[in-house]
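Peer 1: Following this message is one structure expressed as structure tokens.
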Amino acid sequence: MTTTSVGPRKPTRPSADSGGSQRIVRRRGRGDLRVALIFVAPALVGFVLFYLVPTIRGIYLSFTDYSILGNPVWVGVKNYVKIFQDKLFWNSMGVTLEYVLLNIVVQTVVALGLALLMYHVAKSTVIRGILLLPYLVANVIVALLWFWMLDYQIGIVNQMLQWLGIPKVAFFGNEFWAIPTIAFVNVWRHMGYTALLLFAGLQAIPGHLYEVANLDGASKWQTFWKITMPLLRPVLLLVLVVTVTGSFQIFDTVAVTTQGGPINASRVIQYYIYQRAFTQQDFGYGSALSVILFIILGVVAFLQMKFLRGNENDLA
């Protein structure tokens, strides 16, 4: 009986077909990348031209003394020192914080209530569309609409108050009512959009969690605080970041209705920046104010992301 020894097998080389297919895949990947870059290019060019370049130039101008009639003159941190000594700056920041707090609290509570109503009572697409309609109207038009409706002399709201025997109110002309009225106008415009965001978050919560809670005998209130709110935190975080950022940037409603009055009662920081830069032609100081506002918004957004982010312990 003879035995035949079999030597070690030689490693097989990849065939020409497999090498060709790899080259085709790489070539196709490069082609897809080129197509993606073509689609991204317009947005990237727009970002560079309308965001990045103005931001860099604004930071540079904040260290200069510059008006439209002359060239920028480097002054270092003089504008920033001046800001912290500026009483009008601190007044505008106080007014802005008052508006931000009013807008955030009222808008979030109203939007959450609307979202819960849509989720539990009416899930009609028509209702969602109606809620979104005010958001689709430009801010300036909304401001003009409410400015006429709340006018002291001819506004329909004051006419109704008078008909009910209630004294008329100068909503935009009174120091006490100016900021609450502006906050109301913006809540009316944005509450539908915010409610739809929260409604989407409610729909993403697994339904079996509510079934288990119901079997355990949990009340509606306990279910809301132990299940709904913890699992809604990521969406609430998004809503708060967007709302806070937008609230600090309020400008058009103030410009159309009160122009910062009466007696600086509604002069928010954005309107103050506009006055210094474009009315008083002090672009260096206006740019420094803008940089300060940018830093404030960055810090606020960071703190919100850090302390309000949801995690797996929320249901504990």
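The values are calculated or read from the model by the stated rules, or taken from the named source; none is laboratory data. Since the structure is predicted, the reported quantities are computational estimates derived from the model, not experimental observations. Ideal geometry is used to build each Cβ from the backbone, glycine not excepted, and the neighbour counts take in all protein chains shown.
Residue-wise test of (1) at pLDDT 90 or above; (2) under 21 Å from the mean Cα position of the chain (by Cα); (3) more than 18 Å from Val140 (Cβ to Cβ).
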{"site": "Thr243", "(1), (2), (3)": "yes, yes, yes"}
{"site": "Thr253", "(1), (2), (3)": "yes, yes, no"}
{"site": "Gly284", "(1), (2), (3)": "yes, no, yes"}
{"site": "Phe294", "(1), (2), (3)": "yes, yes, yes"}
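Peer 1: Here's another thing I want to ask about it. Quick one: which of Leu198, Leu150, Leu144 is free of Cβ contacts under 8 Å to residues at least 60 places away in the same chain, over 21 Å from Thr96 (Cβ atoms), hydrophobic (A, V, I, L, M, F, W, C) and surrounded by 12 or more Cβ atoms within 10 Å (Cβ to Cβ)?
Peer 2: Values: Leu198 fails: free of Cβ contacts under 8 Å to residues at least 60 places away in the same chain; Leu144 fails: free of Cβ contacts under 8 Å to residues at least 60 places away in the same chain.
Going through Leu198, Leu150, Leu144 in turn, just one is free of Cβ contacts under 8 Å to residues at least 60 places away in the same chain, over 21 Å from Thr96 (Cβ atoms), hydrophobic (A, V, I, L, M, F, W, C) and surrounded by 12 or more Cβ atoms within 10 Å (Cβ to Cβ): Leu150.
Peer 1: I would also like to ask the following. Of the numbered conditions (1) touching a Phe, Trp or Tyr at 6+ places or on another chain (Cβ under 7 Å); (2) modelled with pLDDT under 95, Val268 satisfies every one except a single condition; which is it?
Peer 2: Just one mismatch for Val268, condition (2).
Peer 1: Step by step: first the residues of the range 210-269, then only those that are surrounded by fewer than 16 Cβ atoms within 10 Å (Cβ to Cβ) and of a type in the set (Asp, Glu), then the one that is farthest from Ala183 (Cα to Cα). Which residue is that?
Peer 2: Looking at the filtered set, the residue picked out is Asp216.
Peer 1: Would you please name the residue that is surrounded by the most Cβ atoms within 10 Å (Cβ to Cβ), looking only at residues in the range 72-94 that are within 12 Å of Ala288 (Cα to Cα) and not hydrophobic (A, V, I, L, M, F, W, C)?
Peer 2: Only one residue tops the list, namely Asn79.
Peer 1: What is the one condition in (1) among the aromatic types (Phe, Trp, Tyr); (2) under 21 Å from Gln249 (Cβ atoms); (3) free of Cβ contacts under 8 Å to residues at least 60 places away in the same chain that Tyr193 does not satisfy?
Peer 2: (3)
Peer 1: If Ser67 satisfies all but one of (1) over 22 Å from Glu175 (Cα atoms); (2) in contact (Cβ under 8 Å) with a residue 24 or more places away in the chain; (3) in a helix (DSSP H, G or I); (4) not hydrophobic (A, V, I, L, M, F, W, C), what's the number of the condition it fails?
Peer 2: Going through the list (1) over 22 Å from Glu175 (Cα atoms); (2) in contact (Cβ under 8 Å) with a residue 24 or more places away in the chain; (3) in a helix (DSSP H, G or I); (4) not hydrophobic (A, V, I, L, M, F, W, C), Ser67 breaks only (3).
Peer 1: Give just the number: which of (1) surrounded by 13 or more Cβ atoms within 10 Å (Cβ to Cβ); (2) farther than 14 Å from Ala277 by Cβ; (3) modelled with pLDDT of 95 or more does Thr55 not satisfy?
Peer 2: The number of the failed condition is (3).
Peer 1: Would it be correct to say that Val244 is part of a helix (DSSP H, G or I), farther than 24 Å from Leu117 by Cα, touching a residue at least 60 places away in the same chain (Cβ under 8 Å) and in the same structural domain as Val106 (by TED's automatic domain parsing)?
Peer 2: On the way: part of a helix (DSSP H, G or I): yes; farther than 24 Å from Leu117 by Cα: yes; touching a residue at least 60 places away in the same chain (Cβ under 8 Å): yes; in the same structural domain as Val106 (by TED's automatic domain parsing): yes.
So Val244 fits the description; yes.
Peer 1: Based on what the data block shows, is Gly70 among the small types (Gly, Ala, Ser), on the phi < 0 side of the Ramachandran plot and at pLDDT below 90?
Peer 2: yes
Peer 1: I'd like the full set of residues that are modelled with pLDDT of 85 or more, polar (S, T, N, Q) and more than 20 Å from Thr228 (Cβ to Cβ), limited to the range 103-130.
Peer 2: Asn103
So that you can scan it fast, the table gives a plain yes or no per residue for (1) more than 23 Å from the chain's Cα centre (by Cα); (2) not assigned by TED's automatic domain parsing to the domain that holds Gly207:
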site	(1), (2)
Phe39	yes, yes
Tyr66	yes, yes
Leu114	no, no
Tyr119	yes, no
